[in-house]
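The values are calculated or read from the model by the stated rules, or taken from the named source; none is laboratory data. Treat the numbers as computed from the prediction; the structure is a model and nothing was measured. Because the Cβ atoms are built from the backbone with ideal geometry, glycine has one as well, and the counts that use them run over all protein chains shown. Side chains are part of the model used for accessible areas, which takes the heavy atoms of the whole protein and leaves out ligands, DNA and RNA. Shrake-Rupley method; radii C 1.70, N 1.55, O 1.52, S 1.80 Å.
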Amino acid sequence: MAASLLAGCLAGAACRADQPPPALDEIVVTAERAGPGMWHVHRGAANVWILGSISPLPRDITWRSKQVETVLESTSQVLVQKPLEISIPRILWMLIADRKYLMVGGGKRLKNVLPPELHARFAAQRSNVGEDADKWERYRPIIAAAFLQQAAFHQVNLSMRLDLGAALRVLAKKHGVRIEEIKVAGVSDMLEALKTMPAATERTCVEASLTTVESGLPRLVDRAQAWAVGNVERIENLPELKDVDACRTALDAGKGALDVIGRIRQTWLENIEKYLRSAGTTIAVVNLDMLLERGGLLDQLRAKGYEIDAP
C-alpha cells in the first residue's frame, strides 16, 4: 500500500506506457470476476455499501459485479477516490521543477546513496527482470524501487491498471447516479512526502520493495486470485511481510506532509460517516487493506455504533 500511495503512483505513471506486460501465465483469469461482495454499513434508513479494492490484480481480469449494479438502481451517489492528476505535461513539470526530489542528484548514482548490501540486492533483482545494468540508477532509492517492483509485477502477470473507481464511474453514469470524488491525496501530497521523508524511512521502504520482489510475489499472486473469486477470508489470512509492515509503520509515524496514509484513513471515515447521518443509499470504493486492518475503517465504524453486514 505504501508503494502505491507514494513512489509507486509517480513511477507507475511515467513507465506505464513503455513497459508492455510479458505474456506469462502464472495467473490466467479471462472470465468476468465480481471480486468480493460489499460490506453493508447502516443505521436506520442510512446505508453505505463499501466495495473493497486491491492492487495489483491479475492483468487479464474483467471486472463485473451484478450486486453492484443491483444496488446502483436505488443509490443516490457513489464515492470514489479522485484520480491523481498525473499527465505527460505534469510528469515533465515534476522532472524539471522538482527533479531533485525524484532523482539522486549531485552527479551521484543509486549505488552511491544506497548501502552496499541494499544496492547488491537491487542489482540482482534488476537483472532478474531483464533490465540493463544502469537502469534506474539516476532515480532516488524509493522511486527506483517502485520501478523495479512494477517490472516484477509484470513478470508474474500482475497489473496495477484495473481501477475499480473508474469502472464504478462508468456504471454510475449508466444508471444516472451522482458521482462524488473524494480527494484523499494528490500529486502535491506525494511530492511533499518525498521532500520530507527521512533517509531511514526511505531505506525501510526500499527494503520492503526488495523483499516483496524477492519473496513476496507468491503472496500477491495468491491475494489477487483470492480477490478475483471473492475469498475475503483467504486475503485476511495471508500475512503481511514484516518488511512491508515496517515500511507502513515508518510512514504512519511521519508528521505533517509525510502522514499521507493516516490522512487518507481519516478522509474516508469522515466522508462515509457524512452519508450515514441521513437517509439514502451510497456506494463507496475503498482500499481493502484499509478496511480490514486492525483498527481500520470497519473497526472504527463498528466502534461508533454502526451496524455492519459482511459479504
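The accessible surface of segment 196-266, taken with every protein chain in place and a 1.4 Å probe, is 50 percent carbon and sulfur.
Gyration tensor over the Cα atoms of segment 115-238: the corresponding equivalent ellipsoid has semi-axes (square roots of 5 times the eigenvalues, largest first) of 31, 21, 14 Å. Rounded to 0.05, the FRET efficiency of the residue 163 and residue 307 pair, given R0 = 25 Å and the Cβ-Cβ distance, is 0.25.
Rg and Dmax of segment 200-273, based on Cα coordinates, read 14.7, 40 Å. Each label was represented as a point 7 Å from its Cα along the Cα-to-Cβ direction; for residue 240 and residue 34 these points are 2.9 nm apart.
I need the Debye-formula profile for segment 118-170: one equal scatterer per C-alpha, no solvent, reported as log10 I(q)/I(0) at q = 0.22, 0.24, 0.29, 0.30 1/Å, two decimals. After summing over all Cα pairs, the log10 values are -0.80, -0.90, -1.16, -1.21.
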